[in-house]
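Data block below; observations after.
The values are calculated or read from the model by the stated rules, or taken from the named source; none is laboratory data. Quick caveat, the model's predicted, so the values are computed rather than measured. With ideal geometry, Cβ positions are generated from the backbone for all residues, glycine too; neighbour counts draw on all protein chains shown.
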Amino acid sequence: MSLRIKEVLKEKGISVIQLSEKMGVTRSACYQYINGNPTAECLERIALALDVEIGELFDIKKDKKES
């Protein structure tokens, strides 16, 4: 399943630095969450920091096309 955290950040006009501050983590950790495979707990924290539903962090349409 594809994540669209970067896209949501862009839509919200929030930088990775701002997201890391809202989450209370280092920039390095935040980049790892965005570019890696974050846990469900991390996804919940990201969604909360971005004020979005957790489902908005997933690119479901893209995954359906690839199937």
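Observations on the model:
- Some residue of the range 8-15 being modelled with pLDDT of 95 or more, surrounded by 15 or more Cβ atoms within 10 Å (Cβ to Cβ), under 13 Å from the mean Cα position of the chain (by Cα) and of a type in the set (Val, Ile, Thr): yes
- The residue that is modelled with the lowest pLDDT, among those in the range 35-59 that are surrounded by 13 or more Cβ atoms within 10 Å (Cβ to Cβ) and part of a loop (DSSP other than H, G, I, E, B), is Pro38.
- Glu66 vs. criteria at pLDDT below 95 and not aliphatic (A, V, I, L, M): yes
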